[in-house]
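Student: Quick one: structure below, then a few questions.
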Amino acid sequence: MPHIVTIARGLPAADRDDYLYVIGLVAICSGELGEVPDDPPGDIADAYRNALPEALTILAVTPVTPEHVQITTRYSG
């Protein structure tokens, strides 16, 4: 996830949506906030722990794009 955050940070705000969605999906599927497996090296674990707060900051400064319409996120099940 840290690499995806880096990519999202470098993009114009209007082009970040898909990357932020993926980051959110990874975060949801990863367990508790800041949780990483016990076996990665410390620097990798630190990168993952720091990536989510940075992603939230990117999300906070990313305006909603006018192309987004309600039908895009409507649940169809």
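Student: For the stretch 12-25, which positions are loosely packed, with under 15 Cβ neighbours inside 10 Å and closer than 15 Å to P63 by Cα?
Tutor: The answer is P12, A13, A14, D15, D18, Y21.
Student: Also: Check I44 against each of (1) surrounded by fewer than 13 Cβ atoms within 10 Å (Cβ to Cβ); (2) at pLDDT below 80 and name the one condition it does not meet.
Tutor: I44 satisfies every listed condition except (1).
Student: Could you grab me the full set of residues in the stretch 5-32 that are charged (D, E, K, R), modelled with pLDDT of 85 or more and not in a helix (DSSP H, G or I)?
Tutor: Within the stretch 5-32, just R16 meets the criteria.
Student: Which condition number in (1) touching a Lys or Arg at 6+ places or on another chain (Cβ under 9 Å); (2) among the aliphatic types (A, V, I, L, M); (3) at pLDDT 85 or above is the one that V36 fails?
Tutor: That leaves (3) as the condition not met.
The values are calculated or read from the model by the stated rules, or taken from the named source; none is laboratory data. Since the model is a prediction, treat every value here as computed from it, not as a measurement. Note that we place each Cβ from the backbone using ideal geometry, even for glycine, and neighbour counts take in every protein chain shown.
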